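First up is the structure itself, then whatever we jot down about it.
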Amino acid sequence: MKTSVIGYPRVGAQRELKFASEKYFRGEIKAEELEKTAKAVRLSNLSAQKEKGIDFIPSNDFSYYDNLLDMAFILGIVPKRYRDLGVSELDTYFAMARGYQGSAGNVKALPMKKWFNTNYHYVVPEIDDDTVIKVSSDKPAAEYKEALDEGISTVPVLIGPFTLLSLSRYTGKKKAADFINSASAAYKELINNIGSPVISIAEPCLVKDLSSEDIDLFKALYAQILSGGQKIILRTYFGDIRDCYSDVISLGFAGIGIDFVEGKESLSLLKKYGFPDDKLLFAGVVNGKNIWKNNYEKTLSLLTEINKYAKNTVLDTSCSLLHVPYTLRSETKLSDEYTKHFAFAEEKLSELSELKAIVSAENPAETPEYKANIAIFKEERDCSDNAVKERVASIKDSDFVRLPSFEEREKIQKKRFDLPLLPTTTIGSFPQTSDVRANRLAYRKGNISEEQYKQFNRDKIAQCIKLQEEIGLDVLVHGEYERNDMVEYFGESLRGFLFTEKAWVQSYGTRCVKPPIIWGDVSREKPITTEWSVYANSLTDHPVKGMLTGPVTILNWSFPREDISLKESAYQIAFAIRDEVLDLESAGISIIQVDEAALREKLPLRRSDWYSDYLDWAIPAFRLVHSGVKPETQIHTHMCYSEFTDIIKAIDSMDADVITFEASRSDLLILDSLIQNNFRTEVGPGVYDIHSPRIPSKEEIKSALRKMLEKIPVQKLWVNPDCGLKTRDTYETKPSLENLVAAAKELRAEYEN
Ligand code: GLN
Ligand code: ZN
C-alpha cells in the first residue's frame, strides 16, 4: 500500500511565511526576500514528506494567502479594479486578498468566508459577465518543477472547477453553468502545461448536499477535462459524497479520494456500489483536522473493510494537513505523558509510513509500530473526573429549561431595569491598547506582582466605567482588560485544558490561531471573572454586564477530544460556565452576557445533519448555562455574524433575553426573517462595523436604526456596535459611541412623544 498526503501546512513551523509576509506588507523587505522565505518553506515541507517516505507528495499546495484565491488567479479570475492598479503580479494578488491603498489606487479586499466546517477562511473569487477564464499563471508548473529539481516527483494539486465555480460570487447575469466550456478548457490546458503524469484535483464541494443541476455541472466540467487522457485523482474531503458517489466512480478518474474520518457514509457507499478495480482508492484514514494520535487498531479494521471492496488502496490523510499545527517537536513544555497521545502534521507523516509498514507486514499485529500504538491506547489517560461525569450523566430535561417563560421574564426585567427605550450598550471589550498588553505580558513573565497587575486592570476598569458614563451608555461593561483571547482566558481557568507553545494553525492569510486542546473532563477550578465584574459593578449605578464565553464557542475553537462525544464535552463545559453564571448572579451582577461567537462554525455541511448531529446538543448546552438564574437576571448572548436566517428557530430557542449580532455589513435581510419567525428574543443588530477604522456619523446610525425599526418593535430593539471594541483605539471608540448614544437619544425622543 502506498501513502499520500493531500496538502501540507505552509505558514512555516516557526510561522516564517507569516512574519515575512507581514514585513513585506509593511514595506520592510522586497518581494525577492519574501519569495526566498516561501521557497524555503516549500522545500522544507517537501523534505519532511520525502524523509517519511510518502509516495504521493503534493505540490502547489503552497499559498501566499489562500489556495482558492490562487486558483482564481491562475485562471485569470481577477476583477478589473485589481488589474487596473497596474502593480506587480504578486501585489495584484495581495490586493485581492487584503485590499490596496497607495499610489496606484484604492481598492477593498475581496470578501472572505469560512472554508467548509473548518476555522480556515478562503477569499471569495468574483466572476463578472466579462470574466474570461484562461490560464494566466504558471504557479503549479513552477512548483512542480521546483520539486523535481530537488529530486522529488510530486503530485500537483488543484482546487477543481466545480468547487471554484460553486464558491465564487457572480456579479452579473452569468452563472456557473455559463463558464463550463472556458473553465474546463482552461483546466485542460493547465494540466497539460504542468506536464506531471498524475494530477490531483480537489472537489470538496462534492460532500455537500447536491442538486441535480450541481451534478450536471460537475459532469459537464469533467467530461471535457477527462478527455485529455492524463491521470487525474479526484479528491473529496470533509464528508462523504453520498449524492454523487455512483456518478463519480463511473467517470474516467485514475483515482478517487474518499474521506473515511468525517464521511459518515463513506464505507456504506463503498459496500453498496463497490469500487472499480482499475482505480486507486485514496482512503482518508489519518485525520487531517484533529491532533490526536491515530488508533492503528481501528484503522486496520477499517482498512480491512475497505479492502474488501477496493483492490488498490492508498493510505491518505482525510483532508489537507493545513488544519493541524506543524510539529510536536516545538512543544518543549508539555511532557511526554501528554504529547505521546498527539500527532501534528509531521507526526501524521510518521503515522502514514508506520501504517504502510504495518499493513505490508506478514503479521501486522506483531509489528513493533503496531504494538507501541496499541500500548498507548490501552494506557489509562489521566483525564477522568468522576464528579464531572456523574454531573453530566444525571442531567434532567428540566435542567435545560429556564423558568418562567420568556414573556414573563421580559415583563419582570423591564420593571427591574427600567431602561429607556432603545437601550444602548457595547459587546464587551474596550480597546486593548499597548499598555494593556504590556501589563499582561509583564505579569506573565513575572516582572510585576499579581497585585500590581490587578491594580493596573482595576484602574483601567475605573476609567472604562467613567468613560461609558460620560458617553451616556445605559448598560455598561468592564472592558475585558484581563483577557487576550475569549477562549484561552476561560480555558486557562478550567480543568481539562492543555495549552501549546507553537501549535499554530492558519485561520486566514497571515493570521494564525493556537487552539487549546481539550485533554480531559472539564470543570471550573474557581470563580474566573467575578472579581472584575464585581469591582466594575461597584463603581456605577448602571447595570454592568458580566461577560463570559459560551460552551459551544469554547469547544469549537479548541481541539476536541475523540474519546468522548462533542455533546458530552459541550455539556461538561456548559456546567463549568453555569457555575460562573450563578456566582456572578449571587455576587449581584444583574445582566450576564454569554458569547457564542462561533456557534455557527461547526454546523454540519449537510442540512439533514444540522439538528441531529449538532444543534440538538449545541443549543441545549447553551440553555444549560443559564437555566438556573432568577427571572430578574437578564441573559444576553452575542454572535459575530448575522447569517442565521436558516437556523433562526434554533437561535430563538437558546432562550436568551437579548441577542446582539453583526448586521451593519449585511443588507439587514435578517430583520425580515426575524418578523416572519416571530422572533421573541430582544435584539441588538450592530449599528456600525467595528472592523473598520471609520467613525460612523450620528445620521448614519440613526438611519440604520430607522431601517431596523421598520421591522422590529421599538420595545425589542437594543442599540450597540456589531462586536467587541478590542481591536480599535480609544480615539475611534469614543466618538463612535457618542454618535451611537446621540442617535439613540434622538430616536427615543421621537417614540416617547
Ligand atoms: N465579548 C467579546 C468582546 O467584546 C466578544 C468577542 C467576539 O464576539 N468575538 O470582545
Ligand atoms: Zn463578535
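Odds and ends about this structure:
- The residue pairs whose first member lies in the range 563-588 and is basic (Lys, Arg), whose second member is in a helix (DSSP H, G or I), and whose beta carbons are closer than 8 Å, counting only pairs six or more residues apart or on different chains, are Lys567/Trp617; Lys567/Ala621; Arg578/Leu624; Arg578/Val625; Arg578/His626.
- Output for the range 215-234, where each listed residue is open to solvent by less than 60 Å² (accessible area, probe 1.4 Å) and in a strand (DSSP E or B): Ile232, Ile233, Leu234
- Sole exception among (1) touching a residue at least 60 places away in the same chain (Cβ under 8 Å); (2) in contact with an Asp or Glu (Cβ under 6 Å, 6 or more places away or on another chain) for Ile554, by number: (2)
- In this structure, Thr154 does not qualify as modelled with pLDDT of 95 or more, open to solvent by 50 Å² or more (accessible area, probe 1.4 Å) and within 30 Å of the chain's Cα centre (by Cα).
- Of all residues making up the range 462-478, the number that are more than 17 Å from Val741 (Cβ to Cβ) and under 31 Å from the mean Cα position of the chain (by Cα): 1
- Residues (in a loop (DSSP other than H, G, I, E, B) and either buried (at least 19 other Cβ atoms within 10 Å of the Cβ) or within 31 Å of the chain's Cα centre (by Cα) (or both)) located in the range 244-261: Cys244, Phe253, Phe260, Val261
- Criterion applied to Ile635, Ile670 was being closer than 23 Å to Leu599 by Cα, surrounded by 23 or more Cβ atoms within 10 Å (Cβ to Cβ) and more than 14 Å from ligand 2 (Cβ to nearest atom), and the one residue passing it is Ile635.
- Looking at Ile659, Ile647, Ile651, just one residue is free of Cβ contacts under 8 Å to residues at least 60 places away in the same chain, assigned to a helix (DSSP H, G or I) and within 16 Å of ligand 2 (Cβ to nearest atom), and that residue is Ile651.
- Which listed residue, of Leu352, Leu280, is open to solvent by 40 Å² or more (accessible area, probe 1.4 Å) and within 25 Å of Ile232 (Cα to Cα): Leu280
- Taking the range 434-451 as the range and being in contact with a helix residue (DSSP H, G or I) (Cβ under 9 Å, 6 or more places away or on another chain) and in a loop (DSSP other than H, G, I, E, B) as the test, the residues that pass are Asn447, Ile448, Ser449.
- The residue that is surrounded by the most Cβ atoms within 10 Å (Cβ to Cβ), among those in the range 709-728 that are of a type in the set (S, T, N, Q) and part of a loop (DSSP other than H, G, I, E, B), is Asn720.
- Hits in the range 300-312 - residues which are closer than 14 Å to Leu352 by Cα and open to solvent by 10 Å² or more (accessible area, probe 1.4 Å): Leu300
- Put simply, of Pro431, Pro420 the only residue that is touching an Asp or Glu at 6+ places or on another chain (Cβ under 8 Å), within 16 Å of ligand 1 (Cβ to nearest atom), in contact (Cβ under 8 Å) with a residue 24 or more places away in the chain and not in a helix (DSSP H, G or I) is Pro431.
- Residue within the range 43-61 that is farther than 30 Å from Ser353 by Cβ and buried (at least 21 other Cβ atoms within 10 Å of the Cβ) present: no
- Residues satisfying the stated conditions in the range 486-500, i.e. among the aromatic types (Phe, Trp, Tyr) and surrounded by fewer than 22 Cβ atoms within 10 Å (Cβ to Cβ): Tyr489, Phe497, Phe499
- Within the range 84-110, the set of residues being assigned to a loop (DSSP other than H, G, I, E, B), closer than 18 Å to Ser137 by Cα and among the hydroxyl-bearing types (Ser, Thr, Tyr) comprises just one member, Ser88.
- Check on Glu390, acidic (Asp, Glu), within 32 Å of the chain's Cα centre (by Cα), at pLDDT below 95 and open to solvent by 50 Å² or more (accessible area, probe 1.4 Å): no
- Residue, most open to solvent (accessible area, probe 1.4 Å), within the range 174-214, restricted to residues that are without any contact (Cβ under 8 Å) to a residue 24 or more places away in the chain and closer than 22 Å to Tyr237 by Cα: Ser212
- Among residues of the range 477-499 that are farther than 15 Å from Asp595 by Cβ and small (Gly, Ala, Ser), those with a Cβ under 9 angstrom from a residue that is more than 10 Å from ligand 1 (Cβ to nearest atom) and in a strand (DSSP E or B), sequence gap 6+ or separate chain, pair up as Ser493/Arg524; Gly496/Ile518; Gly496/Trp519; Gly496/Gly520; Gly496/Asp521; Gly496/Val522; Gly496/Ser523.
- Pairs where the first residue, in the range 721-735, is farther than 18 Å from Ala663 by Cα and more than 11 Å from ligand 2 (Cβ to nearest atom) and the second is at pLDDT 95 or above and in a loop (DSSP other than H, G, I, E, B), C-beta under 6 Å, 6+ apart: Arg728/Pro431; Asp729/Pro431; Thr730/Pro431; Thr733/Pro431; Thr733/Leu725
- Annotation: of all residues in the range 589-622 being more than 16 Å from ligand 2 (Cβ to nearest atom) and small (Gly, Ala, Ser), the one that is nearest to Thr425 (Cα to Cα) is Ser590.
- Restricting attention to the range 16-59 and to residues that are touching a residue at least 60 places away in the same chain (Cβ under 8 Å) and outside any helix (DSSP H, G or I), the residue that is nearest to Gly102 (Cα to Cα) turns out to be Ser59.
- Qualifying residue in the range 469-485 (condition: open to solvent by 10 Å² or more (accessible area, probe 1.4 Å), within 16 Å of ligand 2 (Cβ to nearest atom) and not in a loop (DSSP other than H, G, I, E, B)): no
- Screening Glu331 with (1) over 30 Å from Leu473 (Cα atoms); (2) open to solvent by 30 Å² or more (accessible area, probe 1.4 Å); (3) of a type in the set (D, E, K, R) gives one miss only, at (2).
- Against the list (1) open to solvent by 10 Å² or more (accessible area, probe 1.4 Å); (2) within 16 Å of ligand 1 (Cβ to nearest atom); (3) without any contact (Cβ under 8 Å) to a residue 60 or more places away in the chain; (4) touching a Ser or Thr at 6+ places or on another chain (Cβ under 6 Å), the condition Tyr641 fails is (4).
- Residue match in the range 697-709 (condition: within 16 Å of ligand 2 (Cβ to nearest atom), within 18 Å of Arg748 (Cβ to Cβ) and touching a Ser or Thr at 6+ places or on another chain (Cβ under 9 Å)): no
- Of all the criteria given as (1) within 16 Å of ligand 1 (Cβ to nearest atom); (2) at pLDDT below 95; (3) over 30 Å from Glu408 (Cα atoms), the one not satisfied by Asp722 is (3).
- Options Lys264, Lys289; residue that is out of contact with any Gly (no Cβ under 9 Å at 6 or more places or on another chain), open to solvent by 30 Å² or more (accessible area, probe 1.4 Å) and not aliphatic (A, V, I, L, M): Lys289
The values are calculated or read from the model by the stated rules, or taken from the named source; none is laboratory data. This one's a predicted model, so the numbers in the text were calculated from it and none came from an experiment. Every residue, glycine as well, gets a Cβ built from its backbone with ideal geometry; the counts of neighbours run over all protein chains shown. SASA here: full protein model, heavy atoms, side chains in, ligands and nucleic acids out. Shrake-Rupley method; radii C 1.70, N 1.55, O 1.52, S 1.80 Å.
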